[in-house]
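Everything on this sheet refers to the single structure shown next.
The values are calculated or read from the model by the stated rules, or taken from the named source; none is laboratory data. From a predicted model like this one, the values you see are computed outputs, not experimental measurements. All Cβ positions, even for glycine, are placed from backbone atoms using ideal geometry, and neighbour counts span all protein chains on display.
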Amino acid sequence: MQLSVLVISRTAQLLSTLLSSLDRACSLPSDAVEVLCSWNGSASEEQAISNPSRFSFRVVQRDPYHFASNVNGLIEQASGSLLMLVNDDVILDAGCVDAGLRLLTSSDQIGLVGGLLRTDCGRLSHVGIAFDHDGNAYHVLDQKLVQQQSNQVSTQPVAAVTGALQWLRRSDALPLNTQYRVCGEDVALCLDMQQQRGKQVWLCGEAKALHNGETTRQRFEGQGASADDQARVRQRWDGFIAGASAAALAVLLKQQQWESHMLRVLAADAQRAQRAEREALQQQHQATLKDLEVAHQSQLMDQREALKAERSLQLQQARQATRLVDDLQAERLHLKALVERSQLPTGPRQVKP
């Protein structure tokens, strides 16, 4: 067996969706891959599991949920020389598994590989894990990049990667620390891989998948972030830094430099976008003013034309009135002439003796 896919689940729909994405994500022959599940859901829910993939699927343990213990149990039963840890709420992109395995097997110095994850709204939710000055683990550039910017994410060694999607060799596998109650054991595993195995942890920019973080945890009580777990991560980080080699510290430095570079790029992009928005608003304002000016000029022209037409009409009416007066005067003179002619004698005047 070449690859053992290890998954913990309690939700048939999520698990079935993951399995349906496995075929296009992995080109290995069907007999080279096994999918082993630690089931902590109900018996009726288990009956609803569907495996559309060409790979064999088995529920090999039915224990209460505890990530570290469940994974350790799955590793013990795995027969593959390579292991893949994956959350049931992950949907793998085409070629995702092939890319992760290709990177893992490219060098004996690589002990663990993580995938590039995004949310369903297209924002990158995992491009590696780093630590702040207090030793708190955090997701680098958490959802600050969109899917179209994934080509800017380099395949590179990092401090840690999320346990939502990991690949490692069976021979390098270390037991997860079961003291972690809810979270942090995947981060601790990455630090253990570097210190105890002397191998690097890498982020694979070509191993892409969709993952809405903690989809299952959000549906069940008691699965939120644990202050005790976070304290254990800080303590483990302190121990890691105290014994870190120069090569390990160089990896951390390069990761921080890359993050700083990307933050500057994002800040510059934001400034350009703001500048472009301001210029667009100014152009829009100028265009509005121009439209208003044109409208005002058009209105003035309309008013002038209306006034001109009104004056022309008044002039025409005045001319008509003048002609009417002239006609009336001519008529008056004509009548006067008629009257005067009618008063003239018509023959010789008779004189009486």
Within segment 154-183, work out how many residues are more than 22 Å from Leu249 (Cβ to Cβ), at pLDDT below 95 and under 29 Å from the mean Cα position of the chain (by Cα). 2
Just the residues that are at pLDDT 60 or above, closer than 20 Å to Leu165 by Cβ and more than 21 Å from the chain's Cα centre (by Cα), please, taken from segment 209-228. Ala225
How do the pairs read when you match residues in segment 149-166 that are in contact (Cβ under 8 Å) with a residue 12 or more places away in the chain and in the same structural domain as Ser125 (by TED's automatic domain parsing) with residues anywhere that are among the aromatic types (Phe, Trp, Tyr) and not in a loop (DSSP other than H, G, I, E, B), using Cβ under 6 Å and keeping only pairs 6 or more apart or on different chains? Pro157/Trp202
Could you list, in sequence order, all residues of segment 231-277 that are assigned by TED's automatic domain parsing to the domain that holds Gln194 and in contact with a Gly (Cβ under 7 Å, 6 or more places away or on another chain)? Arg232, Val233, Arg234, Trp237, Asp238
Hey, Thr162 hits all of (1) β-branched (Val, Ile, Thr); (2) assigned to a loop (DSSP other than H, G, I, E, B); (3) surrounded by fewer than 23 Cβ atoms within 10 Å (Cβ to Cβ) but one; which does it fall short on? (3)
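Among the residues of segment 266-287, is there at least one that is touching a strand residue (DSSP E or B) at 6+ places or on another chain (Cβ under 7 Å) and modelled with pLDDT of 90 or more? Walk me through how you get there before you give the answer.
Taking segment 266-287 as the starting set, the residues that turn out to be touching a strand residue (DSSP E or B) at 6+ places or on another chain (Cβ under 7 Å) are none.
The answer is no; no qualifying residue exists.
Of everything in segment 82-127, what is in a strand (DSSP E or B) and among the β-branched types (Val, Ile, Thr)? Give them in sequence order.
Within segment 82-127, the first condition is being in a strand (DSSP E or B), and the residues that meet it are 82-86, 90-92, 110-118, 123-126.
Val86, Val90, Ile91, Ile110, Val113, listed by residue number.
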Ala99: passes all of (1) small (Gly, Ala, Ser); (2) under 21 Å from Val251 (Cβ atoms); (3) loosely packed, with under 15 Cβ neighbours inside 10 Å but (3)
Filter result for the condition that a residue is touching a strand residue (DSSP E or B) at 6+ places or on another chain (Cβ under 9 Å), free of Cβ contacts under 8 Å to residues at least 40 places away in the same chain and not assigned by TED's automatic domain parsing to the domain that holds His261, over Gly95, Gly115, Gly73, Gly128: Gly73
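For segment 264-285, check the following and say yes or no: at least one residue is under 30 Å from Ser150 (Cα atoms) and touching a residue at least 40 places away in the same chain (Cβ under 8 Å). Let's see the steps before the verdict.
Residues of segment 264-285 under 30 Å from Ser150 (Cα atoms): 264-280.
From what is left, the residues that are touching a residue at least 40 places away in the same chain (Cβ under 8 Å) are 265-266.
Yes, some residue in segment 264-285 is under 30 Å from Ser150 (Cα atoms) and touching a residue at least 40 places away in the same chain (Cβ under 8 Å).
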